[in-house]
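Asker: Here's a structure for you.
The values are calculated or read from the model by the stated rules, or taken from the named source; none is laboratory data. Everything numeric here is computed off the predicted structure, so don't read it as measured data. Because the Cβ atoms are built from the backbone with ideal geometry, glycine has one as well, and the counts that use them run over all protein chains shown. To get the accessible areas, we keep the full protein, side chains included, count just its heavy atoms, and leave off ligands, DNA and RNA. Shrake-Rupley method; radii C 1.70, N 1.55, O 1.52, S 1.80 Å.
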Amino acid sequence: MTSMDPFRDEARSRDLPEDEVERWLDTARRCAMLNLAGETPPDDPPAGRLGGLPPMPDDEPVPDLPFLASVDLAAIPTGATDLPLPEDGTLLFFADTEDPWSGDDWHRLVYVPVGTPVSERASSCEWLPEVVPARDLHLTITPSLPNRGSDTEEFPHGSELGSVWWKTCGEMTTDGPVQMGGCPWVWNADPLTDHDHGPGEWVLLAEVGGDGVIEGDLGVVHWVIRREDLAGRHFDRARAHFDMVG
């Protein structure tokens with residue numbers, strides 16, 4: 001279990017009430033962070049890939065969108081997140097973040113059930129950027145808390161507690177281009193609370209971002225979905241939101 005003492009130490013230095021700090025920490029969620037291998041690749045098999053060609057089902061056309069990443073759901077153990085993820089299959093993430101403000105055709109999420117015949121191939125669209133070489137992603141399970149909080153009756157210092165996480169999270173977590181579950185990293189608009197999604201419990205399914213992956217200054221794409229739709233594997237009902245610094 002990751003020690004949250006750096007958070008506690010920073011909160012203490014700001015004279016935040018210890019009981020409120022502990023209640024805030026009790027809301028921490030586990031997330032599956034997919035990281036690029038360092039100079040010494042891990043011994044565990046990859047949990048996904050960044051870039052490359054998408055392994056699309058043979059009977060489906062490749063979306064005319066940049067392919068960002070794939071996630072092997074079988075590589076994410078039960079309990080790595082609090083999401084009802086399928087036990088196997090692959091998720092493919094596509095997004096054009098040069099113009100993510102018009103309509104919903106700038107993103108696509110594809111779920112490929114295990115055993116589906118697939119082939120790695122590119123879209124026939126000529127305007128797409130050059131395909132970058134695929135890079136393996138490896139799993140780390142880390143805690144996740146909001147980097148932006150709100151002052152509420154339950155957490156009168158919620159904004160300050162979010163600031164504490166923003167400052168100290170690097171000491172307790174790893175950072176990767178793909179995050180499954182947990183809390184979104186918010187620059188401007190929270191993809192869960194600042195959009196009108198309608199009824200149901202909406203959760204962060206995935207966050208994809210980073211230099212060389214997404215357009216914009218530290219740009220990130222959040223995919224959100226109703227928990228019940230995720231349990232039912234209705235990935236076509238997921239929604240995406242783009243955020244960046246500025």
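Asker: If you take the residues of region 8-24 that are open to solvent by less than 50 Å² (accessible area, probe 1.4 Å) and at pLDDT 95 or above, which of them is farthest from Ala134 (Cα to Cα)?
Answerer: The selected residue is Pro17.
Asker: Taking the criterion of being at pLDDT below 95, under 25 Å from Asp88 (Cβ atoms), surrounded by 20 or more Cβ atoms within 10 Å (Cβ to Cβ) and under 13 Å from the mean Cα position of the chain (by Cα), would at least one residue in region 167-176 satisfy it?
Answerer: yes
Asker: Is region 118-132 home to any residue that is under 16 Å from the mean Cα position of the chain (by Cα) and surrounded by fewer than 19 Cβ atoms within 10 Å (Cβ to Cβ)? Step through it out loud before you land on a result.
Answerer: If we filter region 118-132 for residues that are under 16 Å from the mean Cα position of the chain (by Cα), which is where we start, we get none.
Looking for residues that are under 16 Å from the mean Cα position of the chain (by Cα) and surrounded by fewer than 19 Cβ atoms within 10 Å (Cβ to Cβ), one finds none in region 118-132, hence no.
Asker: Related question: If the requirement is being within 20 Å of Gly170 (Cα to Cα), touching an Asp or Glu at 6+ places or on another chain (Cβ under 8 Å) and of a type outside the set (Ser, Thr, Tyr), which of these qualifies: Arg14, Arg23?
Answerer: The unique qualifying residue is Arg14.
Asker: While we're here: Considering only residues that are in a loop (DSSP other than H, G, I, E, B) and either in contact (Cβ under 8 Å) with a residue 12 or more places away in the chain or crowded, with 19+ Cβ neighbours inside 10 Å (or both), look in region 223-239 and name the one that is nearest to the chain's Cα centre (by Cα).
Answerer: Ala238
Asker: From Ala28, Ala74, Ala80, Ala32, grab the single residue that is touching a residue at least 12 places away in the same chain (Cβ under 8 Å), small (Gly, Ala, Ser) and within 26 Å of Glu154 (Cβ to Cβ).
Answerer: It is Ala28.
Asker: Let me ask you something else. Among the listed residues Ser159, Ser163, Ser144, Ser150, which satisfies the condition of being within 12 Å of the chain's Cα centre (by Cα) and at negative phi?
Answerer: Ser144
Asker: Could I ask something else about it? In region 141-166, which residues are at pLDDT 90 or above and open to solvent by less than 50 Å² (accessible area, probe 1.4 Å)?
Answerer: Within region 141-166, Thr142, Pro143, Ser144, Leu145, Phe155, Gly158, Leu161, Gly162, Ser163, Val164, Trp165 meet the criteria.
Asker: If you go through region 64-122 one residue at a time, how many are within 14 Å of Leu34 (Cβ to Cβ), touching a Pro at 6+ places or on another chain (Cβ under 8 Å) and not in a strand (DSSP E or B)?
Answerer: So the answer is 2.
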